[in-house]
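These notes concern the structure reproduced below.
What follows draws every value from the coordinates through simple rules; no lab data is involved. Values in this document were obtained by computation on a predicted structure and should not be read as measured data. Ideal geometry is used to build each Cβ from the backbone, glycine not excepted, and the neighbour counts take in all protein chains shown.
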Amino acid sequence: MSTSLDQPLFDTFNRVNLKFVSGKGPWLLTENNERYLDFTSGIAVNAFGHAHPYLVNVLKRQAEKLWHVSNVFEIEEQTRLAERLCANSFAEKVFFANSGAEAIECAIKTARRYHYCNQQPERVEIITLDGAFHGRTLATLAAGGQQKYLEGCGPKALGFTTVPFADLEALKSAITNKTAALLIEPIQGEGGVRIVPNKIMQAYRDICTQTEILLVLDEVQTGFGRTGKLFAHEWSGVTPDILCAAKGIGAGFPLSACLATRNAAHGMTAGIHGTTFGGNPLAMTVGNAVLDLILAPDFFSHVNKIAKQLKDGLEALVTRYFNVVSKVRGYGLLAGLQCVVPNKQVIDFARGEKLLTVAAGSNVVRILPPLNIEEADLANGLERLETALAKISKSQIGTH
Ligand SMILES: *Cc1c(COP(=O)(O)O)cnc(C)c1O
């Protein structure tokens, strides 16, 4: 690992000493020609693995035509992607940006403007859940409420309150006449793959409707097929007023979106919000191509079939190596393994078997294969994971 003395980058990441130079599907190749199986997918970003031929071709063709024009002009691919997202979701309006945090910022402004334009300018407070992660800008950090990320970054942005996870009474008593919205992840990704149960999600929706606050879903990690539907909230049958998508939406091209009902977006009038890069022709063309793949017949049935294989495989590992891992979490291809040993040890040992996984809060290891992974590659990954767990398990027994 490099230190600040000999490398030019901000020291904000503890980097692993591995350099990847190319990829194909779920595989990554290092500079030394070693093959790694990638069950991080760039943290739920590379939804179709690496170098997907269709996406590569679409990007190449667009790169030769037009990269960027300002949003002061009409961008056909942008309108088309918005129309298609609306046709396939609860939404009627879309704003495109470049990152998850930017989409959340847009959602926060949209919720506040909604009340402002409804003659309730005092409604500015956003309620979020304990353990949440909504991004790294100053407002989204305040929304996440995690002290370790806020420390030393100056005054915490005002207007955010955090309540305990899945605690309806706590939410009800936190709502006041200053509340604008409830902002939640259907499954907390960074927070440890914690699922909001369907019943609780339905109760959240009811409470929001009754108290006339907006339900904002952060589907930055759960969206775009990760859970086996276009958006995770579809499993619960409830619809939000506003939704943020990013990560998988561009399959590796930086792109995000804030989706809303016409009513929820009515305060977002000309000049209130903007972006230089968001929604440019290159990003939008890739976004449309990603959607082509996601909306293809049988895509979701493939994801759900693989998800079952993954869940069954992980459950078997938990039974066999209960002194290392204790529980399977998650939904679809957003899976987590609750660890008994430090999660870092599991990740390190898996990497020793050339399998890449990623940490989450509450001592969880996240397993995020590409959505189009084949059964054989998934089985291969589960075998590598088993080898890693077996090695840790053995060393555990040795210490007792
Ligand atoms: C990754 C993530 C974000 C932040 O996205 P960035 O693109 O890093 O700004 C926000 N919310 C959730 C749920 C995420 O997983």
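Out of all DSSP beta bridges in the chain, what portion is antiparallel? Express it as a percent rounded to 5.
65 percent
Which value in deg cm²/dmol, rounded to the nearest 500, describes the helix-derived mean residue ellipticity at 222 nm for the chain, given -39,500 (n - 2.57) per DSSP H run of n ≥ 4 and division by the residue count?
It comes out at -11500 deg cm²/dmol, rounded to the nearest 500.
Write down, largest first, the equivalent ellipsoid semi-axes of segment 93-185 in whole Å, where each equals the square root of 5 times an eigenvalue of the alpha-carbon gyration tensor.
19, 18, 13
If the reach is capped at under 16 angstrom between alpha carbons, list the lysines near Lys311, excluding any in the same chain fewer than eight residues apart.
Excluding near neighbours in sequence, the set is Lys327.
Could you pull out every one of the lysines with an alpha carbon less than 30 Å from that of Lys109, ignoring same-chain neighbours closer than 8 positions?
Lys93, Lys148, Lys156, Lys172, Lys178, Lys199, Lys229, Lys247
Between helix 76-87 and the chain, what is the angle of the helix's C-alpha long axis to the longest principal axis, kept within 0 to 90° and rounded to the nearest 10?
90 degrees
Can you tell me the order of 212-220, 152-160 when each peptide is scored by its average per-residue count of other Cβ atoms within 10 angstrom, highest first?
212-220, 152-160
Rg (Å, one decimal) plus Dmax (Å, integer) for the alpha carbons of the chain?
For the chain, the Cα-based Rg and Dmax read 21.3, 68 Å.
Placing +1 on the Cβ of each Lys and Arg and -1 on the Cβ of each Asp and Glu in the chain, which of Leu368, Gly237, Ala390 has its Cα farthest towards the positive end of the resulting dipole?
Result: Ala390, furthest along the dipole toward the positive end.
If you take the charge dipole of the chain about its Cα centre, with +1 on Lys and Arg Cβ and -1 on Asp and Glu Cβ, which of Leu215, Ala101, Ser173 is farthest toward its positive end?
The Cα lying farthest towards the positive end belongs to Ser173.
Would you mind computing, in nm to one decimal, how far apart the modelled labels at Thr239 and Lys24 are, each placed 7 Å from Cα along Cα→Cβ?
Placing both labels 7 Å along Cα→Cβ, they lie 4.4 nm apart.
Pairing the Cα long axis of helix 299-320 with the longest principal axis of the chain, what angle in degrees results, from 0 to 90 and rounded to the nearest 10?
Between helix and principal axis, roughly 50 degrees.
Return the whole-Å distance between the Cα centroid of segment 69-114 and the Cα centroid of segment 367-400.
Cα centres, segment 69-114 to segment 367-400: 39 Å.
Ordered by packing density, taken as the mean number of other Cβ atoms within 10 Å over each peptide's residues, highest first, how do 24-37, 303-316 rank?
Those peptides, ordered most packed to least, come out 303-316, 24-37.
Taking the chain as the reference, fit the longest principal axis to its C-alpha atoms, fit the long axis of helix 53-65 to the helix C-alpha atoms, and give the angle between the two in degrees, 0 to 90, nearest 10.
50 degrees
Give Lys19/Lys60; Lys19/Lys354; Lys19/Lys344; Lys24/Lys391; Lys24/Lys354 a once-over and call out the pairs whose C-alpha atoms are over 22 Å from each other.
Lys19/Lys60; Lys24/Lys391
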